[in-house]
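Below is one structure, written out as structure tokens, with a few remarks after it.
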Amino acid sequence: MKRLFSGMQPTGALHLGNYVGALKNWIALAESGTYDCIFCIVDYHAITIPYDTEMMEKRVFEAALDYLSAGLDPEKCSIFVQSQVIEHLELSWIFASLTPLGQLMRMTQFKQKTLQWSEKDQDEDEPNWGEEIGGDRDSFLSRAGGINSGLFTYPVLQAADILAYKGEVVPVGEDQVQHVELTRDIARRFNNRYGNVFPSVESLLSHTPRMMGLDADQKMSKSIGNHLELSEGPESILHKVTRESVSDARRQRRKDPGVPEECNLYAWHKIFSTEEDVAWAAEGCRTADIGCFECKKRVAERINAILDPIREKRQELAAHPDTIYDILNQGAMRCRGIARETLDETRAAMGLKKLAPFK
């Protein structure tokens, strides 16, 4: 059975974009029994930007709570916190010695984030870095000068996250394929230099739709406040969808027809609603037979129907925090054992001693 690895940063309670883009797919993969699934809360990745230290543990707990309440079954996968398995960091340093500077500088996400962060710091919650990657080399290096090296070497730590478990499959969206390719390159370089230790890694592309936020302009993100949390109450969901979400700009009046394929609410219907509702929304929009408020109300009801069992389970789990910590600790114990074996094999291949008294 191939081993599958993926993770998300602890941003606190997850939002619908996280669920649609990753978590829902993880649950299906774990339930399929096709892979040995390992899922991580990557808190070391989250420290590349300023954050409230007093809130980090709460953010990790909230993320774990959402993983479990959404349907990840710890009997069918391992769930753990990255910083509880220190082997990730040692392996990352080893891989850094094999990774060309130029390859890291070609990472598209680093270029995008550099351009954004040269203007101001902002929370890391998969924002839509929309700026063009332009300018000459010197201009880019000037912008990058103030960026911390952790953000620059972020993909190397990602490679260590995956290869610590000899992961062969990584479920990702298209924007992360380049990082998986880097992981594959690092594994190949290590094997060529020191001997065959690591497997080839492949991307398992997620075909789930990209979910835009309430503003219909950018991907759903906490950092810009256009999101709907998984734990959010039904009244709040209904209010935000009907009162704050942006629909087809052509429909200024009730009688104005629209183009559903260019409306964010119609895209939401295709994610959350039944086929009948999707057809109803499309026809009603084109003919102006329904108003935007009716369309929004229907999709809000469908979202709430999906979130109801998640909210109920979340409330039950939150009442027993020790259960959450036990699951994370058990996951860390298993993953620490696997990562330790990998690191011992890695060190031996490199001519380094195992972590034992030197003699």
What is the number of the single condition among (1) loosely packed, with under 12 Cβ neighbours inside 10 Å; (2) closer than 28 Å to Leu23 by Cβ; (3) without any contact (Cβ under 8 Å) to a residue 60 or more places away in the chain that Thr287 does not meet? (2)
Test Trp93 against the criterion of being crowded, with 22+ Cβ neighbours inside 10 Å and hydrophobic (A, V, I, L, M, F, W, C), and give yes or no. no
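Do you know which residues across the stretch 302-315 are acidic (Asp, Glu) and free of Cβ contacts under 8 Å to residues at least 40 places away in the same chain?
Let us first name the residues in the stretch 302-315 that are acidic (Asp, Glu), namely 308, 312.
Of everything in the stretch 302-315, just one residue is acidic (Asp, Glu) and free of Cβ contacts under 8 Å to residues at least 40 places away in the same chain, namely Glu312.
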In the stretch 180-196, what count of residues is obtained for those that are modelled with pLDDT of 95 or more, within 18 Å of Lys2 (Cα to Cα) and crowded, with 17+ Cβ neighbours inside 10 Å? 3
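Anything in the stretch 48-58 that is part of a helix (DSSP H, G or I), β-branched (Val, Ile, Thr) and open to solvent by less than 80 Å² (accessible area, probe 1.4 Å)? List them, or say none. It would help to see each step written out before you state the result.
Step one: of the stretch 48-58, the residues part of a helix (DSSP H, G or I) are 48, 53-58.
Narrowing further to those that are β-branched (Val, Ile, Thr): 48, 53.
Residue satisfying the conditions is Thr48 alone.
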Which one of these is surrounded by fewer than 19 Cβ atoms within 10 Å (Cβ to Cβ), part of a loop (DSSP other than H, G, I, E, B) and not basic (Lys, Arg): Thr34, Thr11? Thr34
Based on this model, can you work out whether Ala22 counts as open to solvent by less than 10 Å² (accessible area, probe 1.4 Å) and part of a helix (DSSP H, G or I)? no
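Among the residues of the stretch 159-176, what is the count of those that are among the small types (Gly, Ala, Ser) and in a helix (DSSP H, G or I)? Talk me through it step by step, then tell me what you get.
In the first step, residues of the stretch 159-176 are kept if they are among the small types (Gly, Ala, Ser); the result is 159-160, 164, 167, 173.
Right, trim to in a helix (DSSP H, G or I) and you get 159-160.
Result for the stretch 159-176: 2.
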Checking Tyr266 against (1) open to solvent by less than 40 Å² (accessible area, probe 1.4 Å); (2) of a type in the set (Phe, Trp, Tyr); (3) closer than 20 Å to Ser69 by Cβ: exactly one of these is not met. Which one? (3)
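Considering every residue within the stretch 209-220, establish whether at least one is polar (S, T, N, Q), under 30 Å from Leu163 (Cα atoms) and assigned to a loop (DSSP other than H, G, I, E, B). So that I can check it myself, show each step before the final result.
Restricting attention to the stretch 209-220, the residues satisfying the condition of being polar (S, T, N, Q) are 218.
Going one step further and asking which of them are under 30 Å from Leu163 (Cα atoms), we end up with none.
Looking through the stretch 209-220, none of the residues is polar (S, T, N, Q), under 30 Å from Leu163 (Cα atoms) and assigned to a loop (DSSP other than H, G, I, E, B).
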Search result, residues across the stretch 230-246 that are open to solvent by less than 50 Å² (accessible area, probe 1.4 Å) and not in a helix (DSSP H, G or I): Leu230, Ser231, Glu232, Gly233, Ser245
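Quick one: how many residues across the stretch 220-229 are in contact (Cβ under 8 Å) with a residue 24 or more places away in the chain and open to solvent by less than 20 Å² (accessible area, probe 1.4 Å)? Spell out the reasoning first.
If we filter the stretch 220-229 for residues that are in contact (Cβ under 8 Å) with a residue 24 or more places away in the chain, which is where we start, we get 220-224, 227-229.
Filter once more, keeping what is open to solvent by less than 20 Å² (accessible area, probe 1.4 Å): 220-221, 228.
The total comes to 3.
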Using beta carbons and a limit of 7 Å, which pairs, at least six apart or on different chains, have the first residue in the stretch 192-219 and farther than 16 Å from Leu182 by Cβ and without any contact (Cβ under 8 Å) to a residue 40 or more places away in the chain and the second one among the hydrophobic types (A, V, I, L, M, F, W, C) and open to solvent by 50 Å² or more (accessible area, probe 1.4 Å)? Leu214/Val246; Asp215/Val246
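Against the condition open to solvent by less than 30 Å² (accessible area, probe 1.4 Å) and outside any loop (DSSP other than H, G, I, E, B), how does Ile310 come out, does it pass? Reasoning before the result, please.
On the way: open to solvent by less than 30 Å² (accessible area, probe 1.4 Å): yes; outside any loop (DSSP other than H, G, I, E, B): yes.
Yes; evaluated as a whole, the condition is true for this residue.
The values are calculated or read from the model by the stated rules, or taken from the named source; none is laboratory data. As the structure is a computational prediction, the values presented were derived from the model and not from experiment. FYI the Cβ positions are ideal-geometry reconstructions off the backbone, even for glycines, and counts take in every protein chain you see. In case anyone asks, the SASA skips ligands and DNA or RNA and just uses the protein heavy atoms, side chains included. Shrake-Rupley method; radii C 1.70, N 1.55, O 1.52, S 1.80 Å.
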